[in-house]
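For reference, the structure is listed below as structure tokens.
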Protein chains: 2
Amino acid sequence: MPRAKSSVTIADVAREAGVSTATVSRVINENAPVSAATAMRVRAAIERLNYRPSAAARGLASRRTHLIGLLAEEISAPFFAPILRGIEKGAREAGLGLLIHCTQGTPAANSGYRRPLGPHNTDGILVFAGGLQEEELVYLTSLEFPVVLLHRSPPDSLDIPAVTVENKRGARELVRHLIEVHGYRRIAFLRGPEGHEDSYWREQGYREALAAADIPIEPQLLAYGGFDQKIAQQAVTAWLEQGVKPDAIFAGDDEAATGTIMALQAAGLRVPEDVAVVGFDDVYLAHPLMPPLTTVHVPIEAVGREGVRELVRLIAGGEPEPLTLLPTELVIRRSCGCQEEA
Amino acid sequence: MPRAKSSVTIADVAREAGVSTATVSRVINENAPVSAATAMRVRAAIERLNYRPSAAARGLASRRTHLIGLLAEEISAPFFAPILRGIEKGAREAGLGLLIHCTQGTPAANSGYRRPLGPHNTDGILVFAGGLQEEELVYLTSLEFPVVLLHRSPPDSLDIPAVTVENKRGARELVRHLIEVHGYRRIAFLRGPEGHEDSYWREQGYREALAAADIPIEPQLLAYGGFDQKIAQQAVTAWLEQGVKPDAIFAGDDEAATGTIMALQAAGLRVPEDVAVVGFDDVYLAHPLMPPLTTVHVPIEAVGREGVRELVRLIAGGEPEPLTLLPTELVIRRSCGCQEEA
DNA sequence: TTGAAAGCGCTAACAT
DNA sequence: ATGTTAGCGCTTTCAA
């Protein structure tokens, strides 16, 4: 019969088992020697009373919440789900709870003493991209509070560990493939959002690949795609209307690649016969009705997992790993002009 | 200058402001009268010291964590992201933190005194579909602990508030459209996973619509689609190989509709000219390269939002609303045979 | 290996 | 309107 309402405390268990509360605590936390017989009695008492330790009391006494936080700007598929899955899995395996909070462009709420996530309620936090302003990062660092950045590098002079992916290398290989295998020379690039690091490095990779092939950058082949299907569609449509017709379009990400393909198809152009299109992220391959897209695989879930791993290390007082750069991988399908194998 | 490491406590603030800790507490919680002048001094002291109340101490003393939990089986796009967004938004607006945990088929971890979510660390929880075993629901209910079910109805004899959508009505209207507007009579249905409530009610809606039109159920037109693209594809392929060719296929959900369309196209059949296809959920409309799918819109994000609203009501001691049934809405596009308007 | 007891930082009576 | 103080339920020295 479960006891109703008023909760069972460690003192109840201690009484039931005929030991002190300290001993019960030791059995629960397994952090001090307890004789097998005693432990058994305690566990039986816990079971019998259906005792569950109060997280608040534990946290107050031990100064450990066993919680980690995730701060993001917004919950947006398709990128958010896999990274969250990685984080949740990592947290679960480390025996930590996961507290999540989105800023949703409400940085105002994140001020004063009402902070959503921080030392007052977690043992450490994960910050996804722009989930936290630099000022607060500075503050948390001064407290030596564990923070790990995801898909974002630390502000200058702050050495906060970051986990991200090889955007530049992935983009470079992708564009190199277009040049070397297909002989394309007029390769357009659709930029992602301003200030978005993934976007920045992908552009660098694009530039490096062109430079390596001695192909000059044509400014008119650079446009804003915003990592967004609609924006990319408009950008490509605008090109077409101006008579700009590249050999290939590197859309910046898969979302933009979708918009690119739509714009091309709407103009009666075939992909890849008339214009090749490549994306980045490899999140839409799941969608079978899209022309098989050549893209760069990004290990999104792994970023979450590695982020937790690093955070756990910091919490344990271990040496920080300044930068974890996860590998990206070229995924050749059909939209670049290759014949996909069956 | 922020103080490093050792955290600022309410006593520090009280001293700095020249008041008692009780007064500081009153200012923070705004739950008792404090003179404007005093409040100002306290706030200034809080600001100066960069004080942030310890969640653990607050929780221990007040027996409120200001946290709600979300329990799910797994984090799977595309359904999870919107519902999470609704929940997170609701929690944020209510000033509550959100703790999430997935069971991932590890019910074992959810036993003994190491429960991920419950009265020991939250003020109430949201259970998405099969996120929690019946036994634990019974236990939590006996404690009068606030629980709200999402996309799942309570076990017999347990009156736990639930929030879900009008699956039956949506399916009925959808099939009625196929019958009345298009005159289809051989309408196939692809079932979702066994024990999945959405699936169950959609089938009921399908049956009701057929019954209302005096069309007998043809057992061979019922198959298992598993709310899964691959499984649906196989099921439809199997039909085709057996020479079963329905007028229309209600795929159970959009995911299965995708597989259905693939199977049809692979067999050289056109949608909707040769076979009409309809889905449910309206999650893929975002994907522009798919033939515009006639489906039923499910307000996924609203389920999350309403779930939080109900949970907040329970936590505040309000009257429970046993069942919140959110409306679904028929979305006519092209895959049923209609001419979509521009 | 075990127990006693002093906090952890806050809230909520109860006084005044 | 404000202060005093007794806990909240645990962990963690310190002793034994």
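Values in this text are rule-based calculations from the coordinates and carry no lab data. All figures in this text were calculated on a predicted structure; none of them were measured in a lab. Ideal geometry is used to build each Cβ from the backbone, glycine not excepted, and the neighbour counts take in all protein chains shown.
Data overview
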quantity: Peptide-level mean, for A:66-79, of C-beta atoms on other protein chains within 10 Å; calculated: 3
quantity: Per-residue average of Cβ from other chains inside 10 Å of B:17-30; calculated: 0
quantity: Residues with amide H under 5 Å from that of B:T294, placed H, sequence gap 5 or more; calculated: B:G279, B:R333, B:R334, B:S335, B:C336
quantity: Viscosity 0.890 mPa s, temperature 25 °C, Stokes-Einstein D of the protein assembly as shown from Kirkwood C-alpha radius, µm²/s; calculated: 88
quantity: For the stretch A:5-53, convex hull volume per residue from C-alpha positions, Å³; calculated: 61
quantity: Percent antiparallel among DSSP beta bridges (both partners in the protein assembly as shown, rounded to 5); calculated: 15
quantity: Projected area averaged over orientations for the stretch A:1-95, convex hull of C-alpha atoms, nm²; calculated: 8.7
quantity: Interatomic Cα distance distribution for the stretch A:151-303, bins of 10 angstrom, percent; calculated: 12, 43, 34, 10, 2, 0
quantity: Within chain B, helix-based [θ] at 222 nm, where runs of 4 or more DSSP H residues each add -39,500 (n - 2.57), nearest 500; calculated: -12000 deg cm²/dmol
quantity: 29 Å Cα cut-off, lysine pairs counted over the protein assembly as shown (separation 8 or more, or different chains); calculated: 12
quantity: Other-chain or far-sequence residues with amide H under 5 Å of A:Y224's (modelled H); calculated: A:R191
quantity: Highest-MSF residue in chain A out of A:T65, A:T21, A:T103 [GNM, Cα springs under 10 Å]; calculated: A:T21
quantity: Overall Cα dimensions of the stretch A:83-242, principal axis frame, Å, largest first; calculated: 56, 31, 30
quantity: Highest-MSF residue in chain B out of B:E16, B:E74, B:E301 [GNM, Cα springs under 10 Å]; calculated: B:E16
quantity: Sequence-distant residues sharing a close amide H with B:L67 (under 5 Å, placed H); calculated: B:G97, B:D123
quantity: Local electrostatic count, A:E74, Cβ distance below 12 Å [Lys/Arg +1, Asp/Glu -1]; calculated: +1
quantity: GNM flexibility winner over chain A from A:F227, A:F79, A:F280 (Cα, springs under 10 Å); calculated: A:F79
quantity: Normalised convex hull volume, the stretch A:295-335, alpha-carbon set, Å³ per residue; calculated: 49
quantity: The stretch A:191-253: Rg to Rh, with Rh as the Kirkwood radius over Cα pairs; calculated: 0.96
quantity: Peptide A:56-62 - average C-beta neighbours from other chains (10 Å radius); calculated: 6
quantity: Kyte-Doolittle mean at least -1.0, axial Cα span of 15 Å or more - DSSP H helices of chain B; calculated: B:36-49, B:80-93, B:167-180, B:229-241, B:254-266, B:300-315
quantity: Computed P(r) (all Cα pairs; chain A; 20 Å bins; percent); calculated: 27, 42, 22, 9, 0
